[in-house]
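One structure is given here, and the rest of the page talks about it.
The values are calculated or read from the model by the stated rules, or taken from the named source; none is laboratory data. What you see is a predicted model; the values in this text were computed from it and never measured. Glycine gets a Cβ as well: all are built from the backbone with ideal geometry, and neighbour counts include every protein chain shown. With ligands, DNA and RNA removed, areas are computed over all heavy atoms of the protein, side chains included. Shrake-Rupley method; radii C 1.70, N 1.55, O 1.52, S 1.80 Å.
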Amino acid sequence: MGVSIKSPQDIEKMRIAGRLAADVLKMIAPYVKPGVTTQRLNDICHDYMINEQKSIPAPLDYRGFPRSICTSVNHVVCHGIPSDKKLKDGDIINIDITVIKDDFHGDTSAMFIVGKSTIQGERLTRIAYECMKIGIEMIKPGIRLGDIGYAIQSHAEKNNCSIVREYCGHGIGKMFHEDPQVLHYGNPDTGLTLKPGMTFTIEPMVNLGKRNVKLLPDEWTVVTKDHSLSAQWEHTNLVTEDGFEVLTLHPDDRL
Ligand code: MF3
Ligand code: CO
Ligand code: CO
């Protein structure tokens with residue numbers, strides 16, 4: 001395939017798709033409360049994307065995925081399927097939103113702590129955020145993906161957490177998942193050298209326990225093998241002439 005370089009016109013469309021994905025996360029935040037079902041969160045997001053944004057929820061029917069968003073609670077690492085299960089005090093949940101607008105994708109996810117937080121839930125959520133942020137802030141022309149993966153892995157392991165190996169970040173554009181693969185672990189001075197116009201996600205999955213995962217029989221839900229908590233944050237990023245632009249950063253937020 002090769003890694004695509006986006007044109008200025010493509011980048012403008014990526015900015016719009018990224019902003020819409022960020023808007024969905026902002027919109028859903030107040031609904032994340034004890035007693036709400038993840039199916040309800042899915043339905044609210046779905047209606048907002050279709051009716052308000054006139055965007056397409058990319059997960060729906062993507063390789064057979066049955067819902068419009070992913071909701072990954074506690075020991076679920078990623079690709080959790082919204083269901084009738086209710087959220088409860090102290091749960092941690094990742095909500096992953098991908099929209100398509102004008103043929104381009106915007107992909108972002110965030111952690112929410114439900115009701116009364118736990119120390120461990122808060123700690124893991126913070127470390128996972130720091131891992132993502134450390135990776136994003138390294139983005140600039142000339143740096144290599146292995147440098148970024150190494151820095152992310154080092155931060156997780158320094159805090160006695162682990163990085164999931166089986167799932168990674170990805171190039172993004174007209175396709176949901178494009179080249180390159182963006183590993184959240186690795187070695188300095190290895191891998192792809194970044195160039196202006198590349199767009200890719202950084203989305204480290206960080207476990208409180210061991211890094212190993214297993215796939216549930218529904219063939220989507222990924223959980224930690226040791227049932228330890230897992231957390232993840234995700235942004236879609238552009239390599240600029242002198243650094244990076246976070247395409248899914250909401251204007252009210254800072255990294
Ligand atoms: N949004 C996920 C990612 O960050 C992919 C979800 S695939 C789905 O790459 F089919 F589960 F939606
Ligand atoms: Co992604
Ligand atoms: Co995502």
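General remarks:
- Some residue of the stretch 29-36 being in contact (Cβ under 8 Å) with a residue 40 or more places away in the chain and either under 22 Å from Gly169 (Cβ atoms) or within 16 Å of ligand 3 (Cβ to nearest atom) (or both): no
- Looking across the stretch 149-176, the residues that are over 14 Å from Glu234 (Cα atoms), part of a loop (DSSP other than H, G, I, E, B), out of contact with any Ser or Thr (no Cβ under 8 Å at 6 or more places or on another chain) and not basic (Lys, Arg) come down to Asn159, Asn160, Cys161, Glu166, Met175.
- Matching residues, the stretch 153-179, being within 16 Å of ligand 3 (Cβ to nearest atom) and either of a type in the set (Lys, Arg) or open to solvent by less than 70 Å² (accessible area, probe 1.4 Å) (or both): Val164, Tyr167, Cys168, Gly169, His170, Gly171, Ile172, Gly173, Phe176, Glu178
- Subset of the stretch 83-142 (residues that are over 30 Å from Leu238 (Cβ atoms) and in a helix (DSSP H, G or I)): Ile119, Gln120, Gly121, Glu122, Arg123
- Among the residues of the stretch 150-175, those that are farther than 29 Å from Pro57 by Cβ, in contact (Cβ under 8 Å) with a residue 12 or more places away in the chain and of a type outside the set (S, T, N, Q) comprise Tyr150, Ala151, His155, Ala156, Cys161.
- Positions within the stretch 56-104 being among the hydroxyl-bearing types (Ser, Thr, Tyr) and either within 16 Å of ligand 2 (Cβ to nearest atom) or touching a Gly at 6+ places or on another chain (Cβ under 8 Å) (or both), in sequence order: Tyr62, Ser68, Thr71, Ser72, Thr98
- Enumeration of residues in the stretch 51-90 that are within 16 Å of ligand 3 (Cβ to nearest atom), in contact with a strand residue (DSSP E or B) (Cβ under 9 Å, 6 or more places away or on another chain) and open to solvent by 50 Å² or more (accessible area, probe 1.4 Å): Ile56, Tyr62, Arg67, His79
- Residue match in the stretch 186-200 (condition: of a type outside the set (S, T, N, Q), in a strand (DSSP E or B) and open to solvent by 10 Å² or more (accessible area, probe 1.4 Å)): no
- Residue check, Val164 closer than 19 Å to Lys133 by Cβ and in contact with a Lys or Arg (Cβ under 8 Å, 6 or more places away or on another chain): yes
- Listed by first and then second residue, the pairs with beta-carbon distance under 7 Å, at least 6 apart or on different chains, first residue in the stretch 1-17 and closer than 20 Å to Thr193 by Cβ, second part of a helix (DSSP H, G or I), are Lys6/Met14.
- Close contacts from the stretch 64-76, counting a first residue that is without any contact (Cβ under 8 Å) to a residue 40 or more places away in the chain and a second that is more than 16 Å from ligand 2 (Cβ to nearest atom) and among the hydroxyl-bearing types (Ser, Thr, Tyr), with Cβ to Cβ under 8 Å and a gap of 6+ residues or different chains, come to Thr71/Thr38; Val73/Thr38.
- Tabulated pairs, the stretch 176-204, first more than 16 Å from ligand 2 (Cβ to nearest atom), second of a type in the set (D, E, K, R) and not in a loop (DSSP other than H, G, I, E, B), C-beta under 6 angstrom, 6+ apart or interchain: Pro188/Asp147; Gly191/Arg144; Thr193/Arg144
- Matching entry among Gly142, Gly135 (being of a type outside the set (A, V, I, L, M, F, W, C) and within 16 Å of ligand 2 (Cβ to nearest atom)): Gly135
- One residue from Gly115, Gly106, Gly80 being more than 30 Å from Asp242 (Cβ to Cβ) and either free of Cβ contacts under 8 Å to residues at least 24 places away in the same chain or under 13 Å from the mean Cα position of the chain (by Cα) (or both): Gly80
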